[in-house]
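Heads up: the structure comes next, in structure tokens.
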Amino acid sequence: MINDNLFVITGGPGARKTTVLRELERRGYRCSEEVARQIIQEQVKIGGEALPWANTAPYAELMLTESIAAFRNNSPSSEIIFMGRGVPDVACYLRPIGMPIFFDELMAACESYRYNTKVFMAPPWKEIYTTDTGRKQSWEEAVETHRQMVAVYKELEYKPLEIPRLPPAKRAEFILSSLL
């Protein structure tokens, strides 16, 4: 299933993807929340162990399930919707930690649930990078995650577009002008 009206906004941790999504919402666009962050918040709240720093296999499985659900919940769509991450982000997450769990299922999902080929990548930005209870990766891990994301999306025949390191309004303008 291809949905050309779904545009992925992704990137490594702490690159201000959610801030850009909020700006796009403020401008009247529909946006789907980042499922990875939602999973982490829910697991912390309930004392669960499906966390990237605790039990990565169930965390990755939840990411895949929730990413597919987000795709389905927003498809089909006749309007533009910005997605906080996409199904391929699960592969981006698993590759750096060398986990081949459910690889065939994951690759099948990446091929089955296709977004617009333009994928907006928020690059690592050292001046704004911080950690918190839901983001524990070091700066070096954030950079490597971004590098892996670009590689995975390209391998899946998407066209990553780097979002400039600018204030949120300018980042949103870049994204919107790139849709033309």
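The values are calculated or read from the model by the stated rules, or taken from the named source; none is laboratory data. Keep in mind that what you see is a predicted model, and the values were worked out from it rather than measured. Cβ atoms come from the backbone with ideal geometry, glycine included; neighbour counts cover every protein chain shown.
Just need a number here: residues in segment 43-61 that are surrounded by 13 or more Cβ atoms within 10 Å (Cβ to Cβ), free of Cβ contacts under 8 Å to residues at least 24 places away in the same chain and assigned to a helix (DSSP H, G or I).
3
Among the residues of segment 69-97, how many are more than 14 Å from VAL152 (Cα to Cα) and of a type in the set (D, E, K, R)?
Summing the residues that are more than 14 Å from VAL152 (Cα to Cα) and of a type in the set (D, E, K, R) in segment 69-97 gives 2.
Among the residues of segment 10-24, are any among the charged types (D, E, K, R) and either without any contact (Cβ under 8 Å) to a residue 12 or more places away in the chain or in contact with a Cys (Cβ under 7 Å, 6 or more places away or on another chain) (or both)?
Scanning segment 10-24, I find no residue that is among the charged types (D, E, K, R) and either without any contact (Cβ under 8 Å) to a residue 12 or more places away in the chain or in contact with a Cys (Cβ under 7 Å, 6 or more places away or on another chain) (or both), so the answer is no.
So GLU79 clears everything in (1) closer than 29 Å to SER138 by Cα; (2) of a type in the set (D, E, K, R); (3) assigned to a loop (DSSP other than H, G, I, E, B) except one condition, right? Which one?
(1)
Pick from segment 120-154 the residues that are exposed (fewer than 13 other Cβ atoms within 10 Å of the Cβ) and of a type outside the set (S, T, N, Q): which of them is modelled with the highest pLDDT?
Result: LYS154.
Scanning segment 1-42 for residues that are buried (at least 19 other Cβ atoms within 10 Å of the Cβ) and acidic (Asp, Glu), which turns out farthest from PRO160 (Cα to Cα)?
GLU23
Return yes or no: is CYS110 modelled with pLDDT of 90 or more and either surrounded by 16 or more Cβ atoms within 10 Å (Cβ to Cβ) or in a helix (DSSP H, G or I) (or both)?
In short, yes.
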